[in-house]
Structures are given as structure tokens and as C-alpha cells.
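> Quick one: the structure is below, and I'll ask about it shortly.
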Amino acid sequence: MTLEEKIGQLSMAEGSGHGTTRGVQSAIRQGNLGSLFNVHGSGIVRELQRLAIEETRLAIPLLFGLDVLHGHRTIFPIPLAEAAAFDPTLWEATARAAAAEASRDGIMLTFAPMLDLARDPRWGRIAESPGEDPLVGSRFAAAKVRGFQGRSLSDPTSLAATAKHIGAYGAVTAGREYASSDLSERTLLELHLPAFKAAADAGVAAVMAAFTDIAGVPAHANVTLLREILRRAWGFDGVVISDYGAVAELVPRGVAADLAEAAALALTAGVDIDMMGNAYRRGLPGALARGLVGLEAVDAAVMRVLRLKERLGLFDEPYRGLSRDAPADDGPGRGLAREAARRSIVLLTNDGVLPLPRGLRRIAVVGPLAAAARPMLGPWAAIGDGTAATTIADGLRQALPDCVVDVSGGVSIAGSDTNGIADACRIAETADVVVLCLGEDETMSGEAGSRAHPELPGAQRTLAEVMLDLGKPVIALIASGRPLIVPWLVERASAVLATWFLGHEAGHAIADVLIGAANPSGRLPVSWPRDVGQIPIFYAERPTGRPEIAANRFTSKYLDMPATPQFPFGHGLSYCRFVLSGLRSTTTEIRRGQHLEIAVDVTNEGPVAGEETVLFFIHDPVASVARPLLELKDFAKIRLMPGERGTVTFNLTSEAFIFPGRSLAPVLEVGEIELFVGKSADRDSLLRTSIRVIVAQDRLAGQLVSARPDPV
Ligand code: BGC
């Protein structure tokens, strides 16, 4: 291969939607492009692939990528919503269905799953993430990789998955998009990297570097992160992809003087593919000539890209996926979308108004999201058709054919005009119940969707307060890509539900839950703040020397509000009453390598069948490094009929108690470990027992993230 052809394999360009420019076509013909993204559909993909196969000297097939985050044509709930299902089987199933649809459109590579741990709802990309917890993130990562990649990458219904964006993108300063992150190495290892390690262990084909830097070292130039940790310690042998133009951005980020330096830094760090291609195409020849990087680094990166193409079976079947002529709706599609959406809804409060009683005569569906279709899909909705989403009003109309469903927007999502509120009042006054559809639109979260005030935008609060003043039961639905701060609404509404962005079946799923055809089972994958001043907020806090005492000023608290979240991590109600009891452990002492079984009984004391999520946390009260007051170690779901009792069992080994010691090497320390089981991270509500770790070795090489990496 010529140097140009090699650099071509390392370059990815964007096609424009369904079409593509002449420039891209001639770059393909010249062998200057190895992959494309944002091009899909059998006609265009077949044509561009034909150029690569029939009109280039080496006939190397192109790789086609797309952001298939939560569905391709059929759109499932956004990742943050789906995380609320706490169900790896569901997470895998929706990824599998999305892969089957996308691959039929010629896509081979998805830039998903997004695995950035997010504890700051100001950051818009929290919508794409599995939330605040590293264990949930890790399970989510493994399930999504299994779902996208299937049994084998060469299966034409599989997509190569990309774990993105390594690392600590979610820790950007003040939640501001593309800003710096600065955090301890311990936090990086314990919180931000485990989901990526889980993806690597599950065999993820690709990893994408983050736009951001950690303490001044941009991810795209971070040798420790990409080479030492990702490749050497974790054994990842796939492809590292840059984020959009991020290699060239090493110049404005202040670590490279020109594109040659930027290209050399990124290639040396281990970035194989330059998304948008300009930095490698324009910078690498100069970098090689100046001796900033050697040809062997180029060759190694090219080999990794070619190996991915080979694993995808492209050398044998360059038109993979396209040859399947099954109809576009042969998959689980809308049925699975409805199921996923139902299970992602979190019932935050309920004074008994829900489920709606039979025999309702009139419902007023009010608010800017009442009849909204496209916003239901949320950000990153791939090629999902926004007009095909079921609106909340339509979902309710279909679910309640004998009830009059009146609809009025009242206000727009972000505007200040309140003239429509009178009409909303008119329909609300004659209704038995008001369903208030509030929230964000699909552009207010996701990439570049940071908001300093993650609250209801525009005049929605005015509308809501007028509705609440009517004295009718008000059920508030919050559509959003993040927890929204609405303490006044929580206080006054009869019920509040987090309905996130649920995808194409949003309206049906919401109606299912409101009428009780589905018993809500979603649980918060993030702590829900009361106020922006509490952010970042998360359950896994370290102990303070001065825990809050109301009467003592000199304790850890705010003078002007509670320090606790509005709703804790794991919170979510259902139409049943689940009671947990009889927490027990098979042993009171554990040695290194031994197993332990924790069991708890769960009784459904409610009138209907339902599903409970049981969370298992630990706390190490005395350790060489203070440990969080709660750390999630496992979770499980149990489905019970009314009056039924079942048992949930957690199996673990002593490894669950290993943590990075003072030197960051993994340690297992002797002493007591508190074990907690319950429904949320509200410590007061948890059942508690304890065990002792005995005769532990104090240092275990290579257990946590394999090895202690050098400082990042
Ligand atoms: C985002 C990535 C995405 C890429 C391609 C970037 O702006 O940060 O997450 O995969 O665009 O669309």
C-alpha cells in the first residue's frame, strides 16, 4: 500500500444524509477513504461500496458507520430512560433489534453504546448515558455490546459496537459541553473506566476517544489511557476511533502547534481512525517527514482497521446486510419498543390517583408535549421517522375509547406566550383529571445540549401552576433527557412520572401505565436533584466527619435547603406494595476467593402483579481509603403476583470487596463489611447485615482494572 492508501484506511468522512458529494466519491476512487458515516440505505451504500471494490487499485471495502444509539428506524427509549429498566436482557434485545434494522441499511458500525458516567444533569449528554453508577454502566455496556455484535461480527445482522467516549467526558466542568475534566486518578479508575472495561471484556470492536481532556491531557493524545490502560492492561485489540474532528482539535486544545503535531500525538496515543479525516490526511505526511511518528505506527493502525473489516466479513461480502431482502418490519420492532418504553417509565409520586379508575368520562391532556410526535424520539434518533411516534394524546385516546380526551397545548415548549393557557383551562375545567405533559424537546439534551438551569423551559411553570390551582387531580408527565428540577410540581401534583424520551411507542406506553395495563417498574438510574445548587449529586458519597445534624450548624449541609436529592437513585413506585424482609447471608466471614450468597424475601402486598427491583449495596466502614457510604454491587428483578412471596439471591465472591488502595493497587482488606439490600439508595430504608473479611492478602496485583496504570 502507498502511504496515501494507508492514510486513506485511517480516514473516515461524513456523507451527507442520503446523498453524498462528488468529493467523497473521488476520495473513494483514489483510495483516500477507508470508512464513511451518516450514509445509509441500500442504494447509496451499494453504489459507494461498488466504487471502492471495482474502481480502486486495492479493492478494499469501505466501512459504513452511524450513531445507532437507541434504535435505527424503530426508536426505543433514550439510554438514560432504558437504564431505568435495570434489565440487561431488555438492553440487549433493543440493541439486537436496532442492529438488525441498521445492518439492512448497509450500516456495519455503530457509535454506541455511550458509556459516560454522568452525575451532572446540566450536561446534555446525560441523556445518552446509563446514568450515575459504574455497576449499572458496566452491565449496560456488556448487554449493549452483546446485542449490537450478536454471536459473531461476520453475521450480516450484527454491527461492530463502539464504546464511547473514553474517558471522563461526563465529568466536564460545570456540566458545560466540550469543557475540560479534572479528576483524581482514583475517580477515573473507580467510576469512569469500569463500563469501558466491561465493554472491552465483552469484546467490543471499537472505542471512541472523548472530546475532552483530563487535567490537561486530551483523550486523543492520552497514551496512558489509550495504550497503557485500554490496550495493554485490558487487552483491547480493536480499533480506536476519534470523535468528530477531535484530532485536529488538539491544536485549539493547546497541545499541538499544527496538524502534523496533532496527527502524531493522536497516532502515538493509539487513535486509529480520524473521524472527518482532515488531521491524518493533511498532517500525517508531514509528521512522518519530520520524524514525529514512525511508519510502524501507521502500519499498526492500518492493520487494526483491516482486521475489523475482515472480522465483519467485508472482504468476502462487501455488500453484507444489503442482500437481505426481508421486509423492514420483520423484527420485534414496535412491540419491543412499547415494552421497552413501558419499562423505562418511572413513577415518581402517586397519591392514589393512578392507575386511572375505570369509567372516566373526560380527560384533559394539556401541555406542549400533549400532542408532540418528534420530541418523543429524543436526541440521536438515528433515522427514526418523527411523524411516526405515538403522541401522548393519541395513546390515551386509543386506550380509553369510551372517554372524551380533550387536548390543549397551553404554551409552547420554550416560548413565553401564555395566551393559550385560557384554552387549556377551558378543557381542564370540565375534565375528571388533567394529564399535564411537560418537559424539554429533543434538541435540549444530547450533544451540545448543556443547560445551566435544568428546569422546565419557557412558560411551562406558569401553565402548570394554573392547572394545579384548578383543584383537579393533576398527573404530571415529564419528558426530558435528564432529571428536571421541579420541587414545586412534586409537592402539588397528584402524581409525577419521569417519561424521558420513550421513542416511537411513547404514547402507547404512557397510556398503558396510566390506565394500569402496565404496572410501572422503572427505577431512577440517577439521583434527582431538588436544586441546581446540589449538582453534582449522586448516592455514592464518601463519609464526612460531620454528618448532618439539624440543630448543629457545623455539620455537612446547606443552610438553605436539604442536602438530600428530591428522589434517590433507585427510586420508583409501582401499583403494588413490595415488602422486603429476612435479609440473610450464607456466611458471617469470608476469605479471599470464597463465595457468599445474600438472600432477601420480597412480598407483593399490593392488589396487582408487579415487578420489583432489588438493589444490593455494600459499605466498608473502616478502610485504608475511605469508602463510599453505599456502593452498588448487584441488582435483580423479581415478578410477583398479588400476595405472592419470592426470594431474591445475590451471589458474590470476595472480589466484590476489593478496591484501589492508597497506591491505587487493588486491595482486599480485613474487617467488617456492611451489606445493604433495598429498593433505592435511601440509606434509612435499607435492610442491613454484615460480614467480616478475614485473612485477606492486603495487595492483589491485577484485579480491578488489571493493573495500576501510570498517572494519567
Ligand atoms: C459525537 C459522537 C458521535 C459523532 C458522530 C460527535 O459529535 O460526540 O458521539 O458519534 O459525532 O456523529
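> Which residue pairs have Cβ atoms closer than 6 Å, lie 6 or more positions apart in sequence or on different chains, and pair a first residue in the range 105-116 that is closer than 16 Å to residue 196 by Cα and within 12 Å of the ligand (Cβ to nearest atom) with a second residue that is of a type in the set (Gly, Ala, Ser) and in a strand (DSSP E or B)?
115/163
> When you scan the range 35-55, do you find a residue that is away from the ligand (no atom under 14 Å from the Cβ), assigned to a loop (DSSP other than H, G, I, E, B) and within 26 Å of residue 165 (Cα to Cα), even just one?
Going through the range 35-55, the residues away from the ligand (no atom under 14 Å from the Cβ) turn out to be 41-55.
Restricting the remaining residues to those that are assigned to a loop (DSSP other than H, G, I, E, B) gives 41, 55.
Add one more test, that the residue is within 26 Å of residue 165 (Cα to Cα), and what stays is none.
Within the range 35-55, not a single residue is away from the ligand (no atom under 14 Å from the Cβ), assigned to a loop (DSSP other than H, G, I, E, B) and within 26 Å of residue 165 (Cα to Cα).
> Could you give every pair whose Cβ atoms fall below 6 Å, whose first residue belongs to the range 229-255 and is on the phi > 0 side of the Ramachandran plot, and whose second residue is within 15 Å of the ligand (Cβ to nearest atom), counting only separations of at least 6 or pairs across chains?
245/276
> Something else now. Answer yes or no as to whether residue 73 is over 13 Å from the mean Cα position of the chain (by Cα), part of a loop (DSSP other than H, G, I, E, B) and more than 15 Å from the ligand (Cβ to nearest atom).
Numbers: over 13 Å from the mean Cα position of the chain (by Cα): yes; part of a loop (DSSP other than H, G, I, E, B): yes; more than 15 Å from the ligand (Cβ to nearest atom): yes.
Considered against the rule, which asks whether it is over 13 Å from the mean Cα position of the chain (by Cα), part of a loop (DSSP other than H, G, I, E, B) and more than 15 Å from the ligand (Cβ to nearest atom), residue 73 comes out as yes.
> Going by the structure shown, is residue 191 away from the ligand (no atom under 12 Å from the Cβ) and within 16 Å of residue 133 (Cβ to Cβ)? Before you say what the answer is, go through the steps one by one.
Details: away from the ligand (no atom under 12 Å from the Cβ): yes; within 16 Å of residue 133 (Cβ to Cβ): yes.
So residue 191 passes the test.
> For the range 201-217, how many residues meet the condition of being away from the ligand (no atom under 14 Å from the Cβ) and part of a strand (DSSP E or B)?
Pass one, the range 201-217, residues away from the ligand (no atom under 14 Å from the Cβ): 201-205, 213-217.
Next cut, part of a strand (DSSP E or B) only: 213-214, 217.
Number of matching residues: 3.
> Does the range 165-174 contain at least one residue that is within 21 Å of residue 235 (Cα to Cα), assigned to a strand (DSSP E or B) and within 18 Å of the chain's Cα centre (by Cα)?
Applying the first criterion (within 21 Å of residue 235 (Cα to Cα)) to the range 165-174 yields 165-168.
Next, from what is left, pick out any that are assigned to a strand (DSSP E or B): 165-166.
Filter once more, keeping what is within 18 Å of the chain's Cα centre (by Cα): 165-166.
Looking through the range 165-174, at least one residue is within 21 Å of residue 235 (Cα to Cα), assigned to a strand (DSSP E or B) and within 18 Å of the chain's Cα centre (by Cα).
> Give me the pairs, please: first residue somewhere in the range 40-64 and within 27 Å of residue 382 (Cα to Cα) and touching a residue at least 12 places away in the same chain (Cβ under 8 Å), second residue anywhere and outside any loop (DSSP other than H, G, I, E, B) and among the aromatic types (Phe, Trp, Tyr), beta-carbon distance under 6 Å, and either six or more positions apart or on two chains.
What qualifies is 45/64.
> Just checking, which of 146, 122 is more than 15 Å from the ligand (Cβ to nearest atom), in a helix (DSSP H, G or I), more than 21 Å from residue 40 (Cα to Cα) and not small (Gly, Ala, Ser)? I'd like the intermediate steps shown before the answer.
On the way: 122 fails: in a helix (DSSP H, G or I).
From the options 146, 122, the qualifying one is 146.
> Another question, if that's okay. Collect the residues in the range 630-671 that are more than 30 Å from residue 608 (Cα to Cα) and in a strand (DSSP E or B), keeping them in residue-number order.
If we filter the range 630-671 for residues that are more than 30 Å from residue 608 (Cα to Cα), which is where we start, we get 630-631, 652-671.
Within the range 630-671, 631, 652, 653, 659, 660, 666, 667, 671 meet the criteria.
> Give the residues of the range 525-556 that are charged (D, E, K, R), under 30 Å from the mean Cα position of the chain (by Cα) and surrounded by 12 or more Cβ atoms within 10 Å (Cβ to Cβ), sorted by residue number. Please lay out each step first, then the result.
Taking the range 525-556 as the starting set, the residues that turn out to be charged (D, E, K, R) are 530-531, 541-542, 546, 548, 553.
Subsequent filtering for residues that are under 30 Å from the mean Cα position of the chain (by Cα) retains 530-531, 541-542.
Once the filter is applied, which keeps residues that are charged (D, E, K, R), under 30 Å from the mean Cα position of the chain (by Cα) and surrounded by 12 or more Cβ atoms within 10 Å (Cβ to Cβ), the range 525-556 yields 530, 531, 541.
> One residue is enough: does the range 539-554 have a residue meeting the conditions of a type in the set (Val, Ile, Thr) and farther than 23 Å from residue 607 by Cα?
Going residue by residue through the range 539-554, those that are of a type in the set (Val, Ile, Thr) are 544, 549.
When the remaining residues are screened for being farther than 23 Å from residue 607 by Cα, the result is 544, 549.
Yes, there is a match, as at least one residue in the range 539-554 is of a type in the set (Val, Ile, Thr) and farther than 23 Å from residue 607 by Cα.
> May I ask you to list the residues in the range 402-419 that are within 36 Å of the chain's Cα centre (by Cα) and of a type outside the set (Ser, Thr, Tyr)? Steps first, please.
In the first step, residues of the range 402-419 are kept if they are within 36 Å of the chain's Cα centre (by Cα); the result is 405-418.
The answer is 405, 406, 407, 409, 410, 411, 413, 414, 415, 417.
> State all residues of the range 125-143 that are within 13 Å of the ligand (Cβ to nearest atom) and closer than 16 Å to residue 71 by Cβ; if no residue qualifies, say none. Outline the logic, then answer.
Within the range 125-143, the first condition is being within 13 Å of the ligand (Cβ to nearest atom), and the residues that meet it are 125, 127-129.
Passing the criteria: 127, 128.
> Still on this structure, I have one more. Considering only the range 89-100, I want to know if a residue exists there that is within 16 Å of the ligand (Cβ to nearest atom), touching a residue at least 40 places away in the same chain (Cβ under 8 Å), charged (D, E, K, R) and in contact with a helix residue (DSSP H, G or I) (Cβ under 6 Å, 6 or more places away or on another chain).
Checking the range 89-100: not a single residue is within 16 Å of the ligand (Cβ to nearest atom), touching a residue at least 40 places away in the same chain (Cβ under 8 Å), charged (D, E, K, R) and in contact with a helix residue (DSSP H, G or I) (Cβ under 6 Å, 6 or more places away or on another chain).
> Only one residue in 613, 555 is of a type outside the set (Phe, Trp, Tyr), closer than 30 Å to residue 488 by Cβ and part of a loop (DSSP other than H, G, I, E, B), so which one is that?
The unique qualifying residue is 555.
Per-residue answers, yes or no, for (1) at negative phi; (2) in contact (Cβ under 8 Å) with a residue 60 or more places away in the chain; (3) among the aliphatic types (A, V, I, L, M):
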| residue | (1), (2), (3) |
| --- | --- |
| 332 | yes, yes, no |
| 335 | yes, no, no |
| 345 | yes, yes, yes |
| 372 | yes, yes, yes |
| 375 | yes, yes, no |
| 380 | no, yes, no |
| 385 | yes, yes, no |
| 416 | yes, no, no |
| 425 | yes, no, no |
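Computed from the coordinates by the stated procedures, all read-outs in this text should not be read as laboratory data. These numbers were taken from a predicted model, which means no experiment stands behind them. Note: ideal-geometry Cβ built from the backbone for every residue, glycine included; neighbour counts use all protein chains shown.
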